[in-house]
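Accompanying notes for the structure given below.
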Amino acid sequence: MLPFLSTRLLQAIPVLFGVSLAVFLMIHLIPGDPAALIAGADATRADVENVRHALGLDRPLPAQYAAFVGKALTGDFGNSFRTGRPVLDEIMPRYANTVVLGAIAVAIAILIGMASGIVSAVRRHTIFDNAALLLSLAGVSMPTFFLGLLLMLIFSVWLGWLPLSGKDTWLHYILPAITLSTASIAIISRVMHASLIEVLSEDYVRTARAKGQREALVIWRHAVRNALIPVVTVAGLQLGYLLGGAVVTETVFAWPGLGRLLVQSILARDFPVVQASVLLLATTFVVINLLTDLIYGLLDPRISAR
């Protein structure tokens, strides 16, 4: 297991380096001058140049990138151009909000997705299977912003059951989490369905049935566990995608998360916050993939022994 983990950690280094380089180049090459935005509309050219020098933006890009990487390795991502506060103080509370929302959404997706996938696989070509397929297609096809607005209209405006936006009580988590989890529910459901159907046709399942074991025991003990590996893969990827793709949901529900902060920082050309946020999301994605690999090893020890 230790060589397995060491290999995965070594593979993560070039990934994070590539992400840091890509986001640095993209944020510096898009149109817009943060120095001009900070100096204000009435600033003279000399004022803008002074701000640019103070921010270190007048140095060559390789020098700026080297300084960014050197400080990042020590945990120093600089100060926000907009607020002047340390970047970590800006992003960590927002990151915690996004992680909590993403974790709740993934938990909902796994529970509902696996349950519907198992039922549709066991009850093939029945109304349950057709309903699960129809709902999966709707969940994947429906735009996130449309679903969020629709849920707000029904449960907040018409029925008045749930708060419209913000993050004050546990009730504020319900609509954003459902909105964020809908597409993942559909994906996990179809993967669980396909994987379980394949496993149910294996010889060891037929042997278990031939021994007279109860059908529920055959499904849960022999079939579901062996069908979980592709589901674990998808669930791990979905958590990473949800953390990085929660921008629309957080914007619709005015959720104080990292995705919303990232959009605001891009519009304001707040380079330090954008770079640190993307690098933090990339690191989270790498960690999730590592944990997924560890779960593989628990479900099938042959994987970690390779």
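The values are calculated or read from the model by the stated rules, or taken from the named source; none is laboratory data. Just so we're clear, the structure is a prediction, and the values are computed from it rather than from any experiment. Neighbour counts are summed over all protein chains in view; Cβ atoms, including those assigned to glycine, are modelled from backbone coordinates with ideal geometry.
Only one of Ala12, Ala72, Ala39, Ala115 is out of contact with any helix residue (DSSP H, G or I) (no Cβ under 8 Å at 6 or more places or on another chain) and closer than 30 Å to Glu250 by Cα. Can you tell me which?
On the way: Ala12 fails: out of contact with any helix residue (DSSP H, G or I) (no Cβ under 8 Å at 6 or more places or on another chain); Ala72 fails: out of contact with any helix residue (DSSP H, G or I) (no Cβ under 8 Å at 6 or more places or on another chain); Ala39 fails: out of contact with any helix residue (DSSP H, G or I) (no Cβ under 8 Å at 6 or more places or on another chain).
One residue alone meets the criteria, Ala115.
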Problem set entry | Criterion (surrounded by fewer than 18 Cβ atoms within 10 Å (Cβ to Cβ), within 30 Å of Arg123 (Cβ to Cβ), in contact (Cβ under 8 Å) with a residue 12 or more places away in the chain and among the β-branched types (Val, Ile, Thr)) met by exactly one of Ile178, Ile174 | Ile174
Exercise. Given the structure, is Leu261 modelled with pLDDT under 90, farther than 30 Å from Ile30 by Cα and touching a helix residue (DSSP H, G or I) at 6+ places or on another chain (Cβ under 8 Å)?
Worked result: no
Seminar exercise, completed: Here the residues within segment 218-266 that are among the hydrophobic types (A, V, I, L, M, F, W, C), surrounded by 17 or more Cβ atoms within 10 Å (Cβ to Cβ) and outside any helix (DSSP H, G or I) are Ala227, Ala246, Phe253, Trp255
Exercise. Which one of these is under 18 Å from the mean Cα position of the chain (by Cα) and free of Cβ contacts under 8 Å to residues at least 40 places away in the same chain: Ala105, Ala115, Ala96?
Worked result: Ala96
Exercise. Regarding Gln213, is this residue outside any helix (DSSP H, G or I) and surrounded by fewer than 19 Cβ atoms within 10 Å (Cβ to Cβ)?
Worked result: yes
Seminar exercise, completed: Checking Ile91, Ile110 in turn, the sole residue that is farther than 30 Å from Pro34 by Cβ, part of a helix (DSSP H, G or I) and either in contact with a strand residue (DSSP E or B) (Cβ under 6 Å, 6 or more places away or on another chain) or in contact (Cβ under 8 Å) with a residue 40 or more places away in the chain (or both) turns out to be Ile110
Exercise. Before we move on, is Asp47 among the acidic types (Asp, Glu), over 30 Å from Ile295 (Cα atoms) and within 30 Å of the chain's Cα centre (by Cα)?
Worked result: no
Problem set entry | Exclusive hit being farther than 18 Å from Ser277 by Cα and at pLDDT 85 or above, set Leu16, Leu61, Leu55, Leu37 | Leu61
Exercise. Tyr65 is checked against (1) surrounded by 14 or more Cβ atoms within 10 Å (Cβ to Cβ); (2) in contact (Cβ under 8 Å) with a residue 60 or more places away in the chain and fails just one. What number does that condition carry?
Worked result: (2)
For this session: Restricting attention to segment 118-169, report how many residues are more than 22 Å from the chain's Cα centre (by Cα), surrounded by fewer than 15 Cβ atoms within 10 Å (Cβ to Cβ), small (Gly, Ala, Ser) and assigned to a helix (DSSP H, G or I).
Result: 1
Seminar exercise, completed: Filter segment 75-100 for residues that are polar (S, T, N, Q) and out of contact with any helix residue (DSSP H, G or I) (no Cβ under 6 Å at 6 or more places or on another chain); the one that is modelled with the lowest pLDDT is Thr83
